[in-house]
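The numbers here are math on the coordinates, done by the rules we state, and not lab data. As the structure is a computational prediction, the values presented were derived from the model and not from experiment. Virtual Cβ from ideal backbone geometry, glycine too; neighbours counted across all protein chains shown.
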Amino acid sequence: MLASTLRCSRCPAVALLALSLLIGWSEQAAVQHLHRALSPPLVDEGTYVAVEEVAKQAQREQDDPSVRLLPNIKPNQETRDLEICCIHANILDFYLNNVLPHHSSNNAHAHRLQTDLSRISRDLETHGCSINRYRDHQHAEEFSRRFFALDGRHRLNKALGEIDILFSYLQDYCIQTNVTVA
């Protein structure tokens with residue numbers, strides 16, 4: 001009889017503990033991280049197709065696939081997504097000023113690519129990616145140095161062949177994360 005009395009006296013405590021855990025789990029499930037691109041062309045299917053087509057054409061014309069222009073920037077405690085986004089926005093600006101104007105292609109996607117990348121650059125600038133602030137960043141300088149180390153036509157093909165990588169980095173890091181509780 002004593003054992004059943006002790007068991008019943010613990011029932012409310014166990015029920016309260018179970019209820020608390022259930023509430024805690026349901027609250028965690030209701031928290032969502034929503035990611036929104038900082039520029040609409042970053043999530044536009046037509047832009048993606050244009051990037052892929054221009055990159056594929058340039059890659060077919062390359063003779064040395066072992067060289068890589070774009071640095072691989074690893075996020076860490078000091079480098080947040082927006083900073084990595086801005087570094088890549090600086091490299092995008094380099095493309096807009098030094099690569100795409102010299103790209104003579106009969107590729108039907110080239111004009112759309114130029115237009116959409118220009119829009120992305122403007123949008124990122126309105127979100128705080130000052131091109132001048134990141135111009136001297138080590139990764140931007142490394143890209144520029146690698147680009148100019150190659151000869152004229154080869155460097156243009158190489159840069160265009162990596163435009164899909166740059167676009168992918170912009171898609172990954174140029175996002176706004178909102179935490180919502182449902």
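Ordering 146, 60 from the fewest to the most neighbouring beta carbons within 10 Å gives 60, 146.
Model label sites at residue 72 and residue 45, defined 7 Å from Cα along the beta-carbon direction, differ in position by 3.2 nm.
Note that segment 40-181 shows a convex hull volume over its alpha carbon atoms of 118 Å³ per residue.
If the chain between residue 127 and residue 61 were fully stretched, how many nm would it gain, using 0.36 nm times the residue separation less the Cα-Cα distance?
Full extension of this stretch gives 20.2 nm more.
Taking other C-beta atoms within 10 angstrom as a stand-in for reagent exposure, 121, 144 fall in the order 144, 121, fewest first.
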